[in-house]
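Worksheet for the structure shown next.
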Amino acid sequence: QLVESGGGLVQAGGSLRLSCAASGRTFSSYVMGWFRQAPGKEREFVATISRNGGSVDYADSVKGRFTISRDNTKNTVYLQMNSLKPEDTAVYYCAANNYRLTSTARIYDYWGQGTQVTVSS
């Protein structure tokens, strides 16, 4: 089970940190990812991190502004979001897969319920 938290309302230029807590004792065996979905749009990739945190990948739209990290001792993955823009407004989802580092949503086996992020201009 994946449970996201940390969403909210923030002004443009502000920051938020999302957390995703995973239950179970095999968290470190999963590649983790963050995706988002804005109203009327398809779900899109945001960031992904390897099992040990040594490799990461980002969507071009968030590179240099967002940072994904994980703490395997806490079974938690984070998404630090800085310099937020109104176009970052979306429901953010964390996801897990035990295959590979990927931006492809269909590869991910497990999904959280999402947390709303709203950025005002």
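The values are calculated or read from the model by the stated rules, or taken from the named source; none is laboratory data. Because the structure is predicted, anything quoted here is derived from the model rather than measured. Heads up, the Cβs are rebuilt from the backbone with ideal geometry, glycines too, and the neighbour counts pull from every protein chain shown. Protein only, heavy atoms only, side chains kept; ligands, DNA and RNA dropped before computing areas. Shrake-Rupley method; radii C 1.70, N 1.55, O 1.52, S 1.80 Å.
Rolling a 1.4 Å probe over the protein heavy atoms leaves Y99 with an accessible area of roughly 140 Å².
How many percent of the accessible area of the chain is carbon or sulfur, using a 1.4 Å probe? The value for the chain is 45 percent carbon and sulfur by accessible area. Spatial offset of the range 102-121 relative to the range 1-68 amounts to 7 Å, using the alpha carbon center of each. Qualifying trypsin sites (Lys or Arg not before Pro) in the range 9-78, where qualification requires a DSSP coil assignment and no more than 13 other C-beta atoms within 10 Å, comprise R25, K41, K63, K74.
For the range 1-107, the calculated P(r), taken from all Cα-Cα distances in 5 Å bins from zero up to the bin holding the longest distance, is 2, 13, 25, 26, 19, 10, 4, 0 percent.
Given +1 on the Cβ of Lys and Arg, -1 on the Cβ of Asp and Glu, and no further charges, what dipole in debye does the chain carry about its Cα centre, rounded to the nearest 20? Before the final figure, lay out the partial values.
On the way: 13 positive and 9 negative charges, 45 e Å.
Dipole magnitude for the chain comes out near 220 debye.
Placing unit charges on each Cβ (+1 for Lys and Arg, -1 for Asp and Glu) gives the range 50-90 a dipole about its Cα centre, and among N52, I68, Y78 the Cα reaching farthest toward its positive end belongs to N52. By the rule of a C-alpha distance below 23 Å, with chain neighbours fewer than 8 residues away ignored, the lysines paired with K41 are K63, K85.
Between V3 and K74, what length comes free when the chain is fully extended (0.36 nm per residue of separation minus the Cα-Cα distance, one decimal in nm)? Can you show the working numbers first?
Working: separation 71, 0.36 × 71 = 25.56 nm, distance 1.31 nm.
Once the chain is fully extended between V3 and K74, it gains 24.3 nm.
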